[in-house]
1. Against the longest principal axis of the chain, how steep is helix 21-32, in degrees 0 to 90 to the nearest 10, with axes from Cα atoms?
2. First measure r as the distance between the Cβ atoms of residue 168 and residue 225, then evaluate 1/(1 + (r/R0)^6) with R0 = 22 Å and state the FRET efficiency to the nearest 0.05.
3. Nothing charged except the Cβ atoms of Lys and Arg (+1) and of Asp and Glu (-1): what's the magnitude of the dipole of the chain about its Cα centre? Round to the nearest 20 debye.
4. I need to check one value: relative contact order of the chain, counting alpha carbon pairs closer than 8 Å and at least 6 residues apart, in percent.
5. Need one number: % antiparallel among DSSP beta bridges in the chain, to the nearest 5.
6. Find the Cα radius of gyration of region 11-73, compare it with 2.2 N^0.38 Å by division, and give the number to two decimals.
7. Determine the sum of side-chain charges near residue 90: Lys and Arg each +1, Asp and Glu each -1, restricted to other residues whose C-beta is under 13 angstrom from that of residue 90.
8. With a 10 Å cut-off between alpha carbons and a GNM built on the chain, which of 123, 131, 18 moves the most?
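Nothing in this text is a laboratory measurement; each read-out follows from the coordinates by a stated rule. What you are looking at is a predicted structure, and each value in this text was computed from that prediction instead of being measured. Here the Cβ is made from the backbone with ideal geometry for all residues, glycine too, and neighbour counts use every protein chain on show.
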Amino acid sequence: MYQLRGKLSIVMPAYNEEALIYNSIMQTLSIVEQFAPDLEIIAVNDGSKDKTKQEIERAIRDDAKQPHPVAPGMRVSGIRIKLVTSNKNRGKGNAIISGISQAEGDYIAFVDADLELNPAQLEGYLKKMQESGSDVVIGCKFHKDSELHYPFVRKVISLGYYMMLLVLFHLNVRDTQTGLKVFKAEAVKPVAHLVRTSGFAYDIELLVAVHRRGFKIEQMPVKVVYVRDKNTRRIGMSDIVKAFRDTWAIFYRVYFKHYYDEPSE
């Protein structure tokens, strides 16, 4: 059975997720500890107006009471969940960067609170990273082996965004927006503070920054299951417009300011 060597930090941003966040955290721990026993979840409450923060605190209390696998034949108790909280909603990008700053792992993964992307898929991503020597492994909805069960309009938006990024940044990453990603800490920590995008375009800014530093990015298939009901707010037109505007701002920082390049000595 595959076992990760090193510590894994999982950043899970959440905004108004009181109905989901407790079960998502506990389920993620239960799944991931099977192949990454040394792990932590950084749950980032992004200014939620509901009881998201309280549900995260409940998960912290309940998990601390449980024995945790750390190696074959050994079990100990301890704190595996960190809470990072903001008094106002600053956007998913800001939440992710806040989580990265608190991560202690050798590897840092992103998992969305709704678990549309099953965290069990992280096992294959980590194996791929160690076998191929890549520094970043991201989920790709356009991979031939991906299984997609989500609205057609989201597929169209993702494809259009990919074409735009290929032209602007020469970054041959077919899908930057899938929520499941794994980075080596040494690749993402030095550039995370450079990310200025607070919204959904943070993915491309982070990947561009990593790419500009010469790190290797691999893509893996994903299984996506759309779990939200029709009354739950998801990405709207205003979010899409802001993402395109932010993308052009990233373009300016890349080619006119060389903002993400390795500092010269």
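1. Long axis of 21-32 versus the principal axis of the chain: about 80 degrees.
2. Step by step, r from the Cβ atoms, then E = 0.10.
3. Numbers: 37 positive and 32 negative charges, 112 e Å.
Approximately 540 debye in magnitude.
4. For the chain, the relative contact order is 21 percent.
5. Roughly 30 percent of the DSSP beta bridges within the chain come out antiparallel.
6. Compactness ratio reported: 1.16.
7. Details: positive: 88, 92, 196; negative: 46.
Net of charged neighbours comes to +2.
8. Comparing 123, 131, 18 in the GNM, the peak value goes to 131.
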